[in-house]
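Everything on this sheet refers to the single structure shown next.
Values quoted throughout were computed directly from the atomic coordinates according to the rules given, and no laboratory measurement underlies them. Note that the coordinates shown come from a computational prediction; the quantities given were computed from them, not determined experimentally. Note that we place each Cβ from the backbone using ideal geometry, even for glycine, and neighbour counts take in every protein chain shown.
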Amino acid sequence: MHEEKLQEIKDKLFAFSALASSMVEKGTRAIVTKDEALAKEVIDVDEPMANEFDHAVERETINFIALYQPEAHTLRHVYMYAKIGTDLERLADHGVNIAESAQYLIARPDIKPYIDIPRMSEEARKMLADAMTAFSTQNTRLAIDVVERDNIVDQLDNQILRELLTYMMADPSTIDRALQILFISGNLERVADLATNIAEDVVFATTGRLIRHNRLTKEELDKLR
């Protein structure tokens with residue numbers, strides 16, 4: 001019976017992940033296509049759904065622990081489910097932040113074509129998808145691959161910062177729009193960080209090894225794969 005309950009929580013987490021990823025994608029697409037209705041959908045429709053998922057996962061993980069009092073391996077997994085739920089709620093919040101910035105930018109002329117922001121969004125969402133696949137299959141190798149790819153998004157974030165600083169120094173009238181783009185870039189960087197958190201939780205649940213905040217050597221990572 002408890003296996004069925006765990007599967008129900010997992011199913012909610014996958015649905016929650018799909019929603020959160022969609023929120024980030026729609027918020028980013030709204031900027032590029034200047035689709036105000038799409039940004040509004042993220043804020044007015046998707047965010048309440050994300051909050052419902054968050055409450056359901058929290059409630060069901062607490063109830064599972066109270067009812068079954070799991071130990072060792074099972075407890076690690078239930079703890080991971082609760083952590084993933086929290087990370088997905090934060091990730092959805094970043095989708096809302098992006099949509100709100102989209103509303104600001106849509107009404108104003110573009111500083112430049114949007115190239116790196118969509119790339120960041122795509123890479124961060126791929127990391128999330130792979131982290132959830134690693135979660136589903138308990139694939140430590142894939143989880144560690146996600147952790148290592150966080151640098152790609154960090155590099156794009158730094159690239160956007162350098163480019164926008166050039167625009168702001170050349171033309172102070174771009175500062176308000178540039179700051180909104182930097183805010184979006186920062187939110188996408190956090191999406192990638194949260195995908196990394198999920199991947200690190202998968203490593204912990206499957207191996208019992210905490211790798212967060214610990215800089216592992218290549219040899220140590222290879223042993224975990």
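Put simply, segment 33-96 fits an ellipsoid with semi-axes of 33, 11, 5 Å; these come from the alpha carbon gyration tensor as the roots of five times its eigenvalues, largest first. Based on the convex hull around the alpha carbon atoms, segment 63-121 presents an average projected area of 5.9 nm². Compared with the alpha-carbon gap, the fully stretched path from Leu161 to Ala66 is longer by 29.5 nm at 0.36 nm per residue. In terms of distances greater than 28 angstrom between alpha carbons, the cross-link table entries Lys83/Lys126; Lys10/Lys34; Lys12/Lys34; Lys5/Lys26; Lys26/Lys112; Lys83/Lys112 yield Lys10/Lys34; Lys12/Lys34; Lys5/Lys26; Lys83/Lys112.
Pairwise Cα separations in the chain fall into 5 Å bins from 0 onward with the following percentages, short to long: 1, 7, 14, 17, 17, 14, 11, 8, 6, 3, 1, 1, 0. In this Cβ point-charge picture (+1 for Lys and Arg, -1 for Asp and Glu), the chain has a dipole of about 460 debye about its Cα centre. The fewest-to-most ranking of Thr196, Thr74, Thr166 by surrounding Cβ atoms within 10 Å reads Thr166, Thr74, Thr196. Under the combined filter of DSSP loop state and at most 12 neighbouring Cβ atoms within 10 Å, segment 10-76 retains these GluC sites (Glu not before Pro): Glu71.
The fewest-to-most ranking of Met168, Met80 by surrounding Cβ atoms within 10 Å reads Met168, Met80. In this label model, Thr133 and Ala15 are separated by 2.4 nm, measuring between points 7 Å along each Cα→Cβ vector. In plain terms, the chain from Glu3 to Thr207 could stretch by 71.4 nm, reckoned as 0.36 nm per residue minus the Cα-Cα distance. When the helices of the chain are scored as -39500 (n - 2.57) per DSSP H run of n ≥ 4 and the total is divided over every residue, the value at 222 nm lands at -29500 deg cm²/dmol.
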